[in-house]
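> After the structure tokens below, expect a handful of questions from me.
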Amino acid sequence: MSTQGMMRDVLVGLVPLILTGLVVFRGAALAQMVICVAACVAAELVFTAMRKGPVSIKDGSAAVTGMILALSLPATAPWFVGVLGSVVAIGLSKVIFGGLGQNLFNPAMVGRAFVMIAFPAMIGASAYVVQDASVHALTMATPLTSLKMSGVVTPLGQLLTGATNGSIGETGALACLLGGIYLCWRRAAAWQIPVAVIASAAVISLLSSGFSISAVLHELSAGALLFGAFFIATDPVTSPVTPRGRWIFGIGVGCFIMMLRKLSGYPEGVMFAVLLMNAVVPLINRWTIPEPLGGPVPVRN
Amino acid sequence: MTKVAVNYPGKGTFERGIHPPEMKQWAEDKSISVLPTPKELYIPLLQHVGAPAKLLVAPKEQVVYGQVIAEAGGFISAPIHSPVAGVVGRGANITLANGRHVPMVPVVTASDSVGAADGIYEDMLGGEWPLSLLDDFSPEEIVDKIKQAGIVGQGGAAFPTFVKVLKNKDKPVDALVINGCECEPYLTADHRVMLEAPQAVIAGTLLAAKASGAKAIYIAVESNKMDAVEALRPYAQGTAVTLAVVETRYPMGGEKQTVRAVTGRTIPTGGLPLDVGVVVMNVSTTWAVARAVLRGKPLTHRVITVTGRGIAEPKNVLAPVGVPLQELIDFCGGLKADTARIIAGGPMMGFTVGNLKTPVTKGTSGITVMTLDDVHEEETTHCVRCGRCVDVCPLNLIPTKMALAAKNKDWELAKKYHIGACMECGCCAYSCPANIPLVQLIRMGKVQMLKK
């Protein structure tokens, strides 16, 4: 297994999401993916050249960042949103830290956070509703916005198959599960993280909804929770290396998602939850150094 | 995962570890063949953990087969015997496969015995090893004969065996675990010894148990060597020996792992099996013990696997200690044109050898010859912190952090990550997608920390 092989596994794991996105959003989704992947790869080339570092395109990490960024954007976001997001993701979040493996924050999420703050109208909740769209899905608010603003619950069937509005990669809950399980099976993602994210979000949702199973299922399958749990929080570079650390990290992400969803002005919280927990990863790694088999090394004089 | 029936206290497995391709197909079916006596042997005076042996012979002196040419140089040390009749040459220093520079004495074989190794197989491995004779020896006699025969552990670490089986008043022993796991890929020497001399293995096991006072006796064999288990079974029947089939998994042969799999006990970090009442011994060592006690023969020869894609005819060879690798390679048909790397030992924990004059020692279990196809070097990339090394480390360490701390010479941090507990098994480097030489970095770090 090589780094390149690991990135290939991630791309394969993303295939169900990509297909769902293409079915739901057609050409707009395709354009967004092409723009983000191309821009990320180009940005990686330019920034590594500026840093005079080794060319790192071959490892495939820039393509993965581009694809995840595209999948986390609305299909209808204008082209420069994707391009700027990519430049920030690769330049500000990855290469200036030293390139692959050196960054603290998930590059795709940093890129997305940047464009979300820079162009709130083009990527915020309102961006998802395009009244004159030919595709039916685009005329609806996202399931989480509908729930938050008007208390409308989207039927579970629609959430599972992806027949809803949302970011390109988050609409199909089944596709996320399928790709995510593949990722864990290939060990390209640490299984503890998605399990911890989903379980903690489910528990909080169960408690806050007065033990309503249907509310829990809606919470889990709407929005980017599954996409984030399997594909964003599991970015190896920005998540802990110890099994215990991965549990802590996953539970933290799940709790932050639910806190942001319930208490903040945003309908969704995955991006900020992951970025917040990214900041704590070095600490988590240090807290969770396991005791070696047979106990600590004896001190000799 | 192989499900293994367990009739011993442990679970038959240990936590984490890996299962690399076994690569045993080249040599596992090859019966042990006898190397014709070579013209010259280079006999290192330090072939074990502990103090070097002290030379007893002078240049030009005649020696006979089995004669002591160097005596133990301390308590943890072992005498060395001449494997041939011949003339002692002038001593010099030589570099062993593990990188140590040690004094060496050459022995030139008497011209009439060069090439003739007739009868050695029968003498060493064949014949009967009557278990009824075991009552004739007291524990003290057994320990003494092991000591006189210069036996050291044949699994690789080469710890003088008599020290292990010597009764220790403070730390009583209740279990003996014979390690027949041979979890290194490629190697098959222990496997062949169990198949071809099962009675000697059982006899040696019982002798070692008697010497150490162990009541519970286990021979641990990985589940990919069921034929060895079947070969041992008839001789084990009616004795106190339990054949413990354990899961095929690397590094099952590491003593911490074997003891955990078989007895369920955990050896403390920095401690010995003795700390949990266990003596561990390699299966080929039991054969040497039987030979020493029942036949009065010193440890002069051992079985070495010469294998890999790069060798013309892979074999298991009964060879004298001190034979240069070149002789063994020639005996096995020589190297193929695309040979890329010669390793003393197996690929996981062995040492790459540059000089084919390097002699084998009492601890050399194999020679693995790899071709260009086997060793295709992949580029090292940055650590992506995927944690695969953490997921496979059988000692529950964080290899990537230890290695990076060692690379940055941050010894405090390396200590925080328990670098001293690492046994250098190589599971982490094997699993690393970024191809980082984790073991080398950690090993270097440990050495430099000791120097400070």
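> Quick check: from the Cα gyration tensor, does region A:113-188 come out rounded (a/c under 1.5), prolate or oblate?
oblate
> In nm, give the distance between the simple-model label positions of residue B:15 and residue B:240, each being 7 Å from the Cα along the Cα-to-Cβ direction.
In this crude label model, residue B:15 to residue B:240 measures out at 3.2 nm.
> Percent relative contact order of chain A, based on C-alpha pairs within less than 8 angstrom and at least six residues apart?
Computed value for chain A: 18 percent relative contact order.
> OK, next. How many square angstrom of accessible surface are buried between A and B, both sides summed, with a 1.4 Å probe and rounding to 100? Before the final figure, lay out each step's value.
Working: alone 13780 and 19030 Å², together 29940 Å².
For chain A against chain B, roughly 2900 Å² becomes buried.
> Using only the alpha-carbon atoms of region B:22-88, report the extent along each of the three principal axes, biggest first, to the nearest angstrom.
The principal-axis extents, from largest down, are 44, 29, 15 Å.
> Between residue B:113 and residue B:443, what is the label-point separation in nm under the 7 Å Cα-to-beta-carbon projection?
Taking the simple label geometry, residue B:443 and residue B:113 are separated by 3.5 nm.
> Give me the percent of the accessible area of chain A that comes from carbon and sulfur atoms, probe 1.4 Å, all protein chains in place.
Values: 8910 of 12350 Å².
Ligands and nucleic acids excluded, carbon and sulfur give 72 percent.
> What is the packing order of peptides B:314-323, B:415-424, taking the mean over residues of other C-beta atoms within 10 Å and listing the highest first?
B:314-323, B:415-424
> Take the protein assembly as shown, compute every pairwise Cα distance, and split them into 10 Å bins from 0; I just need the percent in each bin.
3, 13, 20, 19, 15, 12, 9, 6, 3, 0, 0
> Looking at the P(r) of region A:219-264, how many percent of alpha-carbon pairs lie beyond 13 Å?
57 percent
> So what is the calculated 222 nm ellipticity per residue for chain B, using -39500 (n - 2.57) for each DSSP H run with n of 4 or more, over all residues, to the nearest 500 deg cm²/dmol?
-7500 deg cm²/dmol
> Could I ask something else about it? Given charges of +1 on the Cβ of Lys and Arg and -1 on the Cβ of Asp and Glu, with all other atoms neutral, how large is the dipole of chain B about its Cα centre, in debye to the nearest 20?
1560 debye
> How much of the pair distance distribution for chain A lies past 33 Å, counting alpha-carbon pairs only, in percent?
20 percent
> Could you tell me how many cubic angstrom of Cα convex hull volume region A:25-143 has per residue?
Residue-normalised Cα hull volume stands at 94 Å³.
> Can you tell me how much longer the chain between residue A:45 and residue A:97 gets when fully stretched, taken as 0.36 nm per residue apart minus their C-alpha distance, in nm with one decimal? Walk me through the numbers on the way to the answer.
Details: separation 52, 0.36 × 52 = 18.72 nm, distance 1.53 nm.
Value of the extension gain: 17.2 nm.
> If you don't mind, another one. Which value, in nm² and rounded to one decimal, describes the direction-averaged projected area of the C-alpha convex hull of region B:109-225?
If you wrap the Cα atoms of region B:109-225 in a convex hull and average its projections, you get 9.5 nm².
> Given an 8 Å cut-off on Cα distances and at least 6 residues of separation, report the relative contact order of region B:237-290 as a percent.
21 percent
> Amide H of residue B:334 versus every other amide H placed in the peptide plane: which residues, excluding those fewer than 5 positions away on the same chain, fall under 5 Å?
B:312, B:313
> Which residues make up the longest stretch of chain A clear of trypsin sites (Lys or Arg not before Pro) that lie in a DSSP loop with no more than 11 other Cβ atoms within 10 Å, not counting the sites?
Longest run free of exposed loop sites: A:53-299.
> How big is the shadow of the Cα convex hull of region B:28-140, averaged over all directions, in nm²?
Here the figure is 9.9 nm², rounded to one decimal.
> What number comes out for accessible area per residue over the protein assembly as shown if the probe is 1.4 Å? Units Å², please.
Details: 29940 Å² over 753 residues.
That works out to 40 Å² per residue.
> To continue, here is another question. Given labels modelled 7 Å from the Cα in the Cβ direction, how far is it in nm from residue B:102 to residue B:136?
So the label points at residue B:102 and residue B:136 sit 3.3 nm apart.
> Relative contact order of region B:329-452, please, whole-number percent, based on alpha carbon pairs below 8 angstrom and at least 6 residues apart.
Rounded, it is 23 percent for region B:329-452.
> Tell me, what HN-Hα J-couplings in whole Hz come from the Karplus equation 6.51 cos²θ - 1.76 cosθ + 1.60 at θ = phi - 60° for each residue of region A:80-89, using x for Gly and Pro?
Values, residue by residue: 6, 5, x, 5, 5, x, 5, 4, 5, 4 Hz.
> Show me the ranking of peptides B:228-237, B:91-100, B:147-156, B:188-197 by mean Cβ neighbours inside 10 Å, starting with the highest.
Descending packing order for the listed peptides: B:188-197, B:147-156, B:228-237, B:91-100.
> Kindly write out, for region B:241-254 in residue order, the coupling ³J(HN,Hα) from the Karplus curve 6.51 cos²θ - 1.76 cosθ + 1.60 (θ = phi - 60°), rounded to whole Hz, with x marking Gly and Pro.
Each residue's phi maps through the Karplus curve to give 7, 9, 7, 9, 7, 10, 5, 6, 7, 8, x, 4, x, x Hz.
> Within 10 Å of each Cβ of A:2-10, how many other protein chain Cβ atoms are there on average? Show your work: numbers first, answer last.
Values: counts 7, 12, 5, 1, 5, 2, 0, 1, 0.
That average works out to 4.
> Can you run phi through the Karplus equation (6.51, -1.76, 1.60; θ = phi - 60°) for region B:287-294 and list ³J(HN,Hα) in whole Hz, with x for Gly and Pro?
Those phi angles translate into 5, 5, 5, 4, 5, 5, 7, 7 Hz.
> Need one value: the accessible area of residue B:30 in square angstrom, 1.4 angstrom probe, rounded to the nearest 10.
80 Å²
> How many percent of DSSP beta bridges within chain B run antiparallel, rounded to 5?
60 percent
> What FRET efficiency do you get for residue B:121 and residue B:451 if R0 is 45 Å and r is their Cβ-Cβ distance, rounded to the nearest 0.05?
Values: r = 46 Å, r/R0 = 1.03.
Efficiency for this residue pair is about 0.45.
> Something else now. Mind checking the mean number of beta-carbon atoms from other chains within 10 Å of the Cβ atoms in B:427-437?
3
> Please report, largest first and rounded to whole Å, the three semi-axes of the ellipsoid equivalent to region B:335-452, where each semi-axis is the square root of five times an eigenvalue of the C-alpha gyration tensor.
Gyration-tensor ellipsoid for region B:335-452: 28, 18, 13 Å.
> Please list the equivalent ellipsoid semi-axes of region A:199-285, computed as the square roots of five times the alpha-carbon gyration tensor eigenvalues, in descending order and whole angstrom.
23, 13, 11
The values are calculated or read from the model by the stated rules, or taken from the named source; none is laboratory data. These figures come from a predicted structure and were not determined experimentally. Here the Cβ is made from the backbone with ideal geometry for all residues, glycine too, and neighbour counts use every protein chain on show. The accessibility values were calculated without ligands, DNA or RNA, using every heavy atom of the protein model including side chains. Shrake-Rupley method; radii C 1.70, N 1.55, O 1.52, S 1.80 Å.
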